[in-house]
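Remarks on the structure that follows.
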Amino acid sequence: MSKVLLVHAKGGPPLGHVLSRTAARAEVHLLALSALPPSVAGAARDLCASVVTPGDARHLDLVSLIVSRAEAVGADAVLTFSEYAVVAVAEACEVLGLAGAGKAASLARDKRLMRSTWQEHGLSQPAFRAVDTEADLHEAARALSFPLLLKAAWSAGSTAHQIIRAPHQLSAAWRRSREVMAESAELGYAELHVAGAQGHFVVEEIVTGTASHWFDEPGWGDYVSVEGVVAGGTFHPVCVSGRMPTVEPFTERAGITPALLSQDAQDRVVALAREAVDALGLRDCGTHTEIKLGSDGGMWLIETAARFGGAMTVPQIEEVFGLDLVGMLVDHLTGRPVAWPERALTPAQARGAAGSLVVLAVDGAGEAWRERKIWDFSAVTKDVVLSPGSDLSVVTESSLPDGGLIPVYDPAAGANTMAALCLLSATDARTVLRDFETVVDALPRILPAATSEEVSA
């Protein structure tokens, strides 16, 4: 049996899902750069041939650590599903002579390099500038048009995203974004390999998206993601996922598979994703490309990642299209043949639909809840009436335990203030969207109110 070194860090698909699918194809050796979720620790011991937890990854030479561990276990492949470990794993694979994302991995991680590469290839994206200092930000603002979006170059989950509407907001936005990145690093949501990464930023013009020119019904967000894989340097699109509208500034609330695009619209979206991935020169890895949708067929690239989409994107694809992307990637990296889809799968090929909902303390209109609440999934299952055939579950390893105090939503912190992650299975994508709207509207009403003691604690 092949041997795989799986490098775990925060973010990405749930570890429980990844472990079970990897263990079905290979002998798994787990290198845990982040603490294992308590709900998964027991399964990890059962499924893995070894589990190593080296300590605070921020103070380690990750490439050397990964290489030495891979050599010690005789790994035939090394992989990660975490944004924060992608570059380290890619560089380790280069040293080991194993299949991986390749030397271009940093182009799909550092938004400054990513946007510069796309600019060189003439691809559609917002006007931007790289900024490393407050002075850089002020200079960039003089060259760009307000409103602007400041984002950390190495972040994920909309962390440290801030909308800047006027010049007098620049300095405060710069200070707050740097604070958020420092806080994220303490929580483990930060680049683990590149020194000084949390001080790198990009600022860009905010383009106007519209969902109404792309979807037949209201409620969809104005961007989509193309899920895919690069195998031997060839991009294979798998499907397109849609979204609910984001929470200001641009924090994702829900992803839905499949996106209900027409065939022509999906073809155009996938074609742009292919250009984006090809321009980056990735070699062997999952991909996740986000695209903003504009009026009259206009599109702008948001970002491409050299790994599969996070949250429940991978389990959603398995449920809806019957593709075990984790297992397929393991097979490919260990040299076994894989039949990737010949073209991106469509809603007509879907078996129902599935979506993941990020629970934030924000209502359907984007307004913060008026009072603090306690997370209690049993209250959700008891009091929320879903559509016939719909099933809602909670992703335990990505959620507060019942009784946990839900964080106040912080626009600058993005997904760092998430309380829970839920998975919904339904008969079709429209039903997922409608049911998610029902859940979002119900949460501030049905969840228990926090006491003053719980809030102060």
Pair list, Cβ under 6 Å, 6 or more apart: segment 20-48 residue within 22 Å of E186 (Cα to Cα), other residue β-branched (V, I, T) and outside any helix (DSSP H, G or I) = L31/V7; L31/V52; A32/T53
Name the residues in segment 335-373 that are surrounded by fewer than 19 Cβ atoms within 10 Å (Cβ to Cβ), more than 26 Å from A429 (Cβ to Cβ) and in contact with a strand residue (DSSP E or B) (Cβ under 8 Å, 6 or more places away or on another chain), would you?
-> V338, A368, W369, E371, R372
Could you tell me whether any residue of segment 113-125 is modelled with pLDDT under 95 and within 23 Å of F308 (Cβ to Cβ)?
-> no
Only one of (1) part of a loop (DSSP other than H, G, I, E, B); (2) free of Cβ contacts under 8 Å to residues at least 24 places away in the same chain fails for W340. Which number is that?
-> (2)
The listed residue being basic (K, R), more than 22 Å from A156 (Cα to Cα) and in a helix (DSSP H, G or I), out of R25, R69 = R69
In segment 271-314, how many are modelled with pLDDT of 95 or more, under 19 Å from the mean Cα position of the chain (by Cα) and either closer than 21 Å to A85 by Cα or hydroxyl-bearing (S, T, Y) (or both)?
-> 21
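Residues checked against (1) polar (S, T, N, Q); (2) at pLDDT 95 or above:
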residue: V358; (1), (2): no, yes
residue: G366; (1), (2): no, no
residue: K373; (1), (2): no, yes
residue: S378; (1), (2): yes, yes
residue: V384; (1), (2): no, yes
residue: P388; (1), (2): no, yes
residue: L392; (1), (2): no, yes
residue: V395; (1), (2): no, yes
residue: S399; (1), (2): yes, yes
In segment 279-305, which residues are out of contact with any Lys or Arg (no Cβ under 7 Å at 6 or more places or on another chain) and more than 27 Å from H213 (Cα to Cα)?
-> A279, L280, G281, L282, R283, D284
Return only the number of the condition from (1) in contact with a Gly (Cβ under 6 Å, 6 or more places away or on another chain); (2) of a type outside the set (A, V, I, L, M); (3) more than 20 Å from D363 (Cα to Cα) that G414 does not satisfy.
-> (3)
Return the only residue of A211, A140, A172, A182 being of a type in the set (A, V, I, L, M, F, W, C), loosely packed, with under 15 Cβ neighbours inside 10 Å, outside the structural domain of D61 (by TED's automatic domain parsing) and modelled with pLDDT of 95 or more.
-> A172
For T431, the lone unmet condition from (1) closer than 27 Å to K10 by Cβ; (2) β-branched (V, I, T); (3) touching a residue at least 60 places away in the same chain (Cβ under 8 Å) is (1)
Using the structure shown, decide if L443 is buried (at least 16 other Cβ atoms within 10 Å of the Cβ), within 13 Å of V362 (Cα to Cα) and modelled with pLDDT of 95 or more.
-> yes
V270 fails exactly one of the following numbered conditions: (1) in contact (Cβ under 8 Å) with a residue 40 or more places away in the chain; (2) in contact with a Pro (Cβ under 7 Å, 6 or more places away or on another chain); (3) outside any helix (DSSP H, G or I). What is the number of that condition?
-> (3)
Looking across segment 401-428 at residues that are among the small types (G, A, S) and free of Cβ contacts under 8 Å to residues at least 40 places away in the same chain, the single one that is nearest to G255 (Cα to Cα) is G404
Give segment 155-199 a look and list any residue that's in a loop (DSSP other than H, G, I, E, B) and over 28 Å from H59 (Cβ atoms), or say none.
-> R165, A166
Consider G11 carefully, then state whether it is touching a residue at least 24 places away in the same chain (Cβ under 8 Å) and either in a loop (DSSP other than H, G, I, E, B) or within 24 Å of the chain's Cα centre (by Cα) (or both).
-> yes
Residue among V95, V63 that alone is out of contact with any strand residue (DSSP E or B) (no Cβ under 7 Å at 6 or more places or on another chain) and either buried (at least 17 other Cβ atoms within 10 Å of the Cβ) or in a strand (DSSP E or B) (or both) | V63
Tell me which residues, restricted to segment 383-415, are assigned to a helix (DSSP H, G or I) and either surrounded by 17 or more Cβ atoms within 10 Å (Cβ to Cβ) or under 21 Å from the mean Cα position of the chain (by Cα) (or both).
-> T396, E397, S398, G414, A415
Set A26, A32, A49, A43: member being within 23 Å of P401 (Cα to Cα) and either touching a strand residue (DSSP E or B) at 6+ places or on another chain (Cβ under 7 Å) or assigned by TED's automatic domain parsing to the domain that holds V358 (or both) = A32
Conditions (1) among the hydrophobic types (A, V, I, L, M, F, W, C); (2) over 16 Å from the mean Cα position of the chain (by Cα); (3) buried (at least 16 other Cβ atoms within 10 Å of the Cβ) -> M418 fails only (2)
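The values are calculated or read from the model by the stated rules, or taken from the named source; none is laboratory data. Computed from a predicted model, the values in this text were never measured in an experiment. Heads up, the Cβs are rebuilt from the backbone with ideal geometry, glycines too, and the neighbour counts pull from every protein chain shown.
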